[in-house]
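Some notes on the structure that comes next.
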Amino acid sequence: MYDCAKLKEFCEKLMCDAGISEKNSRDFSDSLLFAEMRGIGSHGLTRLKTYYSRAKTGLVDAKAVPTVENEQPSLLLVDGQNGMGVASAVYAMDACIDRAEKTGACFAAVKGGNHFGCAAYFALRAAKKGMIGVAMANGP
């Protein structure tokens, strides 16, 4: 057995070392452990080395900040700027939640977001607010 809090702290420190912000490192680490705890090891800690390497070598832009490229009241196009997929997906889902509270629904597409791990992690962000969330990807 492993201590989840220690694993999360280790992941956060490692990703910060790769240049990822503290907030994005927290979200990223939380998403990996979420996958592990749900029995989805293929999207959990086994991916840590790959994600770290991609950020450390610049294959993924560790400093990228997602932006809204185009928007309507209930529709967003988010550009992840080739950053961490988790950061882009958290940004998009949280923006959808905020807008859906006002308009009743919101949908987002993300480009330049990279692999984001376990999709349920993002959908459940909406569920925690009493909303329906759907997350999916079209990339490898």
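The values are calculated or read from the model by the stated rules, or taken from the named source; none is laboratory data. Computed from a prediction, not measured in an experiment: that's the story for all the values here. Don't worry about glycine lacking a Cβ; one is built from the backbone with ideal geometry, like all the others, and counts go over all protein chains shown. Keep in mind that these areas ignore ligands, DNA and RNA; they rest on the heavy atoms of the full protein, side chains included. Shrake-Rupley method; radii C 1.70, N 1.55, O 1.52, S 1.80 Å.
Results, tabulated for the structure shown:
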read-out: Accessible surface, the chain, averaged per residue in Å² (probe 1.4 Å); value: 58
read-out: Residues Lys128 and Gln72, FRET efficiency given R0 of 41 Å [Cβ-Cβ distance, rounded to 0.05]; value: 0.95
read-out: Lysine pairs with alpha-carbon atoms under 27 Å apart, the stretch 21-140, spacing 8 or more or separate chains; value: 16
read-out: Distant-in-sequence amide H partners of Val60 (H built 1.01 Å from N, under 5 Å); value: Ala55
read-out: Point-to-point label distance, Asn138-Lys111, nm (Cα→Cβ direction, 7 Å offset); value: 1.1
read-out: Net charge of Cβ neighbours under 13 Å - reference Asp3; Lys, Arg +1; Asp, Glu -1; value: 0
read-out: Top positive-direction residue, dipole computed over the stretch 79-131 with Cβ charges, set Ala95, Gly130, Ala120; value: Gly130
read-out: Structure-based [θ]222 nm, the chain - -39500 (n - 2.57) summed over DSSP H runs of at least 4, per residue, nearest 500; value: -15500 deg cm²/dmol
read-out: From phi via Karplus (6.51, -1.76, 1.60), per-residue ³J(HN,Hα) for the stretch 61-70 in Hz, x at Gly/Pro; value: 7, 4, 9, 4, 10, x, 9, 8, 8, 8
read-out: Relative frequency of Cα-Cα separations exceeding 16 Å in the stretch 28-91, percent; value: 53
read-out: Net charge, Ala108 excluded, C-beta distance under 13 Å - Lys, Arg +1, Asp, Glu -1; value: -2
read-out: Neighbourhood net charge (13 Å Cβ-Cβ; Lys/Arg +1, Asp/Glu -1) for Lys23; value: -3
read-out: Sulfur and carbon atoms: percent of accessible area, the chain [1.4 Å]; value: 56
read-out: Viscosity 1.567 mPa s, 4 °C: Kirkwood-radius Stokes-Einstein D of the chain over Cα pairs, µm²/s; value: 85
read-out: Charge dipole magnitude, Cβ of K and R +1, D and E -1 - the chain, Cα centre, debye nearest 20; value: 240
